[in-house]
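**Student:** Below is a structure I'd like to ask you about.
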Amino acid sequence: MTYVKWTFRTVIFVVVFGFLHYLLPQHDIARINGTEIIRMDFSSFNRLFYAQSDSGNAENETRDVRLINTVKKKTMLLGFIRRDAEGVMVYRNEDTGWIWPPYFKFDSSDLQAEAADHTSTGADPQWVVITHYGWRNRFFTIYPNAIAIRPVDGPDARVIPWFNIFFFVFIGAAILFIRAMWRQFRERSVDPALDQVGDAWDSADERFDDTRGRFRKWLGSWKRKPRRY
C-alpha cells in the first residue's frame, strides 16, 4: 500500500511540474540570427502544442507559422539558474488570443518585425531577452512560443523571473490559507459531526445488544425444563 501511495504522489508531482514548466513564462538570453515563415501540416499529437492562428484569420489544419532562430544561453529550473553553455533554439511566434494559454497575445506580426530588427551575427552580437512558454521537441516538431523580446547589454545580463516568484509565493500562501480554513472547518463541523455519528453508533450498538439479550432470554424460556424427581 505504501508503494501505491508514493507512486500516486510521484505521478501527481510529475504531472503538475510538467504542466507548470510548460505554461509558466521563461526568459532566455539569446542572439537572434534570423526569422522565417514555414508551412506546417499539424498532426493529431503536435496540434495540442500550438496556439491558434492570428486573430481575425480562419483556423485551418495547415497554416503558416512564424519562426525566430536564435543562439541562446542555456538555463535550468524555469530560468532561475543560468549556465555558461550556449545552444541553438527556434521559437514560434503565434497569437494566443483570448483562449489558452492566458497570455492574451495579439501582436505576433509586430513581434516578428521586432525580432527581425534585432537580428545580428556572431561577430557583432546583439543580445536580447526572449520571454516564452512551451517546450522544444525536434522529434514532434514542437517549438516554444515567444511572447516578448527586449534588448539587453550583454549575455551576462541578470533576468529575475518576477512572475514565477510571485506565482509560487501566491500558490504557497493559498495552500496555507486553504489548509487553515480546512482545519477550522474540520474542528467546527467535521469532527463534531463524526463524534455525533460515533455516539449514535455506540447508542445503537448498545440497544442492539440489549435487544439481543432479551431475545435470547425469551428463547430460553421456551426450552424444556429438566424434570425434578
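**Student:** Test each condition in (1) in contact (Cβ under 8 Å) with a residue 12 or more places away in the chain; (2) open to solvent by 10 Å² or more (accessible area, probe 1.4 Å); (3) farther than 16 Å from residue 65 by Cβ for residue 110 and report the one that comes out false.
**Tutor:** (1)
**Student:** Can you pull out every residue in the stretch 153-183 that is open to solvent by 80 Å² or more (accessible area, probe 1.4 Å) and in a loop (DSSP other than H, G, I, E, B)?
**Tutor:** In the first step, residues of the stretch 153-183 are kept if they are open to solvent by 80 Å² or more (accessible area, probe 1.4 Å); the result is 153, 156, 158, 162-163, 166, 168-170, 175-179, 181-183.
Of everything in the stretch 153-183, those that are open to solvent by 80 Å² or more (accessible area, probe 1.4 Å) and in a loop (DSSP other than H, G, I, E, B) turn out to be 153, 156, 158.
**Student:** Sticking with this one: Condition (residue is among the aliphatic types (A, V, I, L, M) and without any contact (Cβ under 8 Å) to a residue 24 or more places away in the chain) applied to the stretch 146-158: is it met by at least one residue?
**Tutor:** Within the stretch 146-158 (the criterion being among the aliphatic types (A, V, I, L, M) and without any contact (Cβ under 8 Å) to a residue 24 or more places away in the chain), the answer is no, since none of the residues qualifies.
**Student:** For the stretch 119-175, which residues satisfy the criterion of being among the hydroxyl-bearing types (Ser, Thr, Tyr) and closer than 13 Å to residue 28 by Cβ?
**Tutor:** If the condition is that a residue be among the hydroxyl-bearing types (Ser, Thr, Tyr) and closer than 13 Å to residue 28 by Cβ, then 131, 133, 143 are the ones that fit.
The values are calculated or read from the model by the stated rules, or taken from the named source; none is laboratory data. Not measured: the values here are computed from a predicted model. Here the Cβ is made from the backbone with ideal geometry for all residues, glycine too, and neighbour counts use every protein chain on show. In case anyone asks, the SASA skips ligands and DNA or RNA and just uses the protein heavy atoms, side chains included. Shrake-Rupley method; radii C 1.70, N 1.55, O 1.52, S 1.80 Å.
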